């Protein structure tokens, strides 16, 4: 309840500040000039990102094999929950959903999600480096960027470090843990050991070259599509700047993940205004882009999640 109350408060404050900062008449003019053909492109690209993320997750789940409809349903459900709820528990929920399927296991699936996030953090760091090289960035952006970059680096080093540990070291470590848990009931001891083993099994995704190449390729495609979505929405309002689209993606990925809010309302639009105004756009145009981009991100996700549940229920 505390997180929910905090999320509502942050969204309300953000919305209030936005209302005070803009001219409603100019905002109406910005929306009146919208090119809906570019919004259609943005929606189509948004849907394409779901398939790109699904394909990457399928690669990271190997050797586990699930029906694509089930993977897509779990993925979309997790993403939707992350968008709507102040606490980002969508990744845990999708791991539970897929882990309950025949042949699945929560620990193994959750491990693949952690590695997926590591790839996204790496992609975010690369994007931020490109943006920092292309445009002068204000201190309000660079400060969290350095923190995110440090965390991402430490996580990746940890994952790689575990991945290169010889198998017999892992076996010895698990054997010693088994000895340390001798006083536990056998059922609980086996539960801990089995889940830990499956979690470590997910790190095979950092050892096999074909999985690394596949995950890297689909990560690049996913983030490239994200930039294209921003660019298409900007073009709908007459803005033609790939750098602005890249910068906005980097800012939103960093900013929306940090403060708890309800569906990122207020925060998403405020960050859009703050970022795009740095490129010389009027606040009203920047807000219009932020509002429409928010709709393009959330509405297709809601519709596709509902369709994924309907399709999966009919086929299984």
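The values are calculated or read from the model by the stated rules, or taken from the named source; none is laboratory data. These numbers come from a predicted model, not from an experiment. A quick note on method: Cβ atoms are made from the backbone with ideal geometry, for glycine too, and the neighbour counts reach across all protein chains shown.
If only one of 227, 212 is modelled with pLDDT of 80 or more, assigned to a helix (DSSP H, G or I), within 24 Å of residue 111 (Cβ to Cβ) and in contact with a helix residue (DSSP H, G or I) (Cβ under 8 Å, 6 or more places away or on another chain), which one is it?
Sole residue among the options that is modelled with pLDDT of 80 or more, assigned to a helix (DSSP H, G or I), within 24 Å of residue 111 (Cβ to Cβ) and in contact with a helix residue (DSSP H, G or I) (Cβ under 8 Å, 6 or more places away or on another chain): 212.
Would you confirm, using the coordinates I've provided, whether residue 274 is assigned to a helix (DSSP H, G or I), within 18 Å of residue 136 (Cα to Cα) and modelled with pLDDT under 85?
It is true that residue 274 is assigned to a helix (DSSP H, G or I), within 18 Å of residue 136 (Cα to Cα) and modelled with pLDDT under 85.
Where residues in the range 101-137 are touching a helix residue (DSSP H, G or I) at 6+ places or on another chain (Cβ under 8 Å) and outside any helix (DSSP H, G or I), which of them is surrounded by the fewest Cβ atoms within 10 Å (Cβ to Cβ)?
Filtering first and then ranking leaves 135.
Restricting the search to the range 273-284, which residues are buried (at least 21 other Cβ atoms within 10 Å of the Cβ) and either over 13 Å from residue 27 (Cβ atoms) or in contact with a strand residue (DSSP E or B) (Cβ under 9 Å, 6 or more places away or on another chain) (or both)?
Those that are buried (at least 21 other Cβ atoms within 10 Å of the Cβ) and either over 13 Å from residue 27 (Cβ atoms) or in contact with a strand residue (DSSP E or B) (Cβ under 9 Å, 6 or more places away or on another chain) (or both): 275, 276.
Do you know which of the residues in the range 228-245 that are in contact (Cβ under 8 Å) with a residue 24 or more places away in the chain and within 15 Å of residue 45 (Cβ to Cβ) is surrounded by the most Cβ atoms within 10 Å (Cβ to Cβ)?
233
Can you confirm whether residue 243 is under 28 Å from residue 136 (Cα atoms) and modelled with pLDDT of 90 or more? Talk me through it step by step, then tell me what you get.
Numbers: under 28 Å from residue 136 (Cα atoms): yes; modelled with pLDDT of 90 or more: yes.
For residue 243, the condition - under 28 Å from residue 136 (Cα atoms) and modelled with pLDDT of 90 or more - is met.
Between a first residue in the range 58-72 that is over 11 Å from residue 103 (Cβ atoms) and a second residue that is outside any helix (DSSP H, G or I) and modelled with pLDDT of 90 or more, which pairs have beta carbons less than 8 Å apart while being 6 or more apart in sequence or on different chains?
58/66
Given (1) at pLDDT 75 or above; (2) assigned to a helix (DSSP H, G or I), identify the lone condition not met by residue 189.
Answer for residue 189: the failing condition is (1).
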